[in-house]
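Everything on this sheet refers to the single structure shown next.
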Amino acid sequence: MGLAAQLRAAKASDEVANGRSIRAASKLHQVERTYLRRRIEGIQTQEEYNKSRQKVTDVLEDRLAKWIVTQGQLGYAPPHARFRAYAQRLLIKSGSRERLGKRWVTRFLQRHHEVRTLKGRAIDYRRLNGATEATYEFGMMEGMGENSLVLGEAFKKFILLRDAFKHAWISVIACISADGRALPPLIIFSGVNVQQQWFPDTEDQPYEDWYFTASSNGWTNTDIGLKWLREVFIPHTKPANPREWRLLIIDGHNSYTTEEFMWTCLINRIYIVFLPSHSSHVWQPLDVGVFSVLKRRFRYWFRERCYGRSSEATDKTDFLWALATAWKEVMGVSRYIKQGFKASGMWPVDRDRALKSPYVKKSDGLDTPKSSKDLKILEKALIKVDPAFGKATGRLLFRKVGKALDISNSELTALENHNNQLTSALEKAHPKKLKKVETDPNQEFVRLKNVREVKAGLKSNL
């Protein structure tokens, strides 16, 4: 119903409250009698009922639609997950503790035809900044700059995404057990030596137990494979009974098939089982389920970490932060590891097991009044106390105040989001000194304490 019709209905309701009959008031103000009677009795229309069930108000949804268009024009069109996270943040800022459901984005798009899901094409940020209407060629980026589904303006067929990510090969050697445990990972960087500037200056606790090394191409080799066996696998899996044998199931990579590797396993009471060639996607518990979840979470956190940067400001600290966050979420939860063994048929022996990981969210009610929805509840409570609050003037006042609150909340959320992006970009723009990390003569790999010693030495020289 239009605004003019709503105003006529409000005036007719006031006429009935002053003693005029419903029939006369509806005829005088050209309002349908049934609608007027239902309005006076407090019965909602279907449109009003649907709006009352919306977790996000119309004003906030309009602001969200405009935000999508603006982000797309800047080259930062949000994927569904990021948009829902932004809307959830805005909802929390409005004072609501409700949680947006999995289908909320779909229903939002049904209500707002000015935006829709588009195919995002990643392009280097330099080309996007330098493109004009006369420029018609653009380059595709591989790696983290892969294409994805994002939200954008409805009249476009696809949208360009800024891609400022550097691309370098980094290997991770991981090992898990059937009881749900994961050994500390070994990170293999591309380079001659491990450098201290690859690590953060603060908040490095997640890497305390990790191992680090470097190779010319970022891949493992026979030397690294043997060192991993001696320094990582053997000490971290030592049984309580020294006469007990262990079982190591690995693929047939040439770094694990050397005589020295197999001899080291034999003298340390370790059985080796090599998986058949080209079958890790069937038999390997890591490849079957664990790595797919880990990679998905890593890509998500890496993009969130680098989101909004307008320059080529990503480095290995971003990689480590995203990997550590994803590692804690996946490898720190025994359920994922056990499901990987079940799905592969390794343990317990069963070929037909499938992965199942249900995720349940709790939905809470409203907290303190901070949005137009809270004012609506307050309005209904006041009308029960004094019907005078239900007159057209009172309802109009509540609507105006609620709209002002929603606009303020959306502007505050946008400013905080922009501030976070600028802060992250400034931190990455600060130059770092280069210095090699020396390893302990009694150790094969770089540990975090070695990195801390180098950083402490650099600080003392300032």
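Here, each number is a calculation from the coordinates, and none is a lab measurement. Nothing here was measured: the structure is a model prediction, and the numbers come from that model. Backbone-built Cβ (ideal geometry, glycine too); neighbour counts: all protein chains shown.
Amide H neighbours of A214 under 5 Å, at least 5 residues apart or on other chains, H built in the peptide plane: list them.
Counting only residues 5 or more places away or on other chains, the set is F189.
Take T257, T34, T202 and order them by how many other Cβ atoms sit within 10 Å, fewest up front.
By the 10 Å Cβ count, ascending, the order reads T202, T34, T257.
Give me the number: length gained by fully extending T258 to E244, i.e. 0.36 nm times residue separation minus the C-alpha to C-alpha distance, one decimal in nm.
2.7 nm
Report the net charge of residues surrounding V232, where surrounding means a beta-carbon distance below 11 angstrom and charges are Lys +1, Arg +1, Asp -1, Glu -1.
Residues near V232 contribute -1 overall.
Over 19 Å, how big is the tail of the calculated P(r) for segment 178-232, in percent of all Cα pairs?
37
I want to check the label-to-label distance for E114 and V333. Put each point 7 Å from Cα in the C-beta direction and report it in nm to one decimal.
3.8
Around T393, under 13 Å between beta carbons, what's the net of Lys plus Arg minus Asp minus Glu among the other residues?
My count for the surroundings of T393 gives +3.
With a 10 Å Cβ neighbour count serving as the proxy for reagent exposure, in which order, fewest first, do S177, S190, S26 appear?
Ascending Cβ contact count within 10 Å gives the list S190, S177, S26.
Which of the pairs K295/K316; K227/K449; K11/K384; K11/K376; K66/K316 have their Cα atoms more than 24 Å apart in this structure?
With Cα atoms farther than 24 Å apart: K66/K316.
Taking the Cα-to-Cβ direction at N417 and at K400 and moving 7 Å from each Cα, how far apart do the two end points lie in nm?
Result: 2.9 nm between the two label points.
Using r as the Cβ-Cβ distance of K449 and I92, and R0 as 35 Å, what FRET efficiency do you calculate, to the nearest 0.05?
That pair, K449 with I92, gives E of 0.35.
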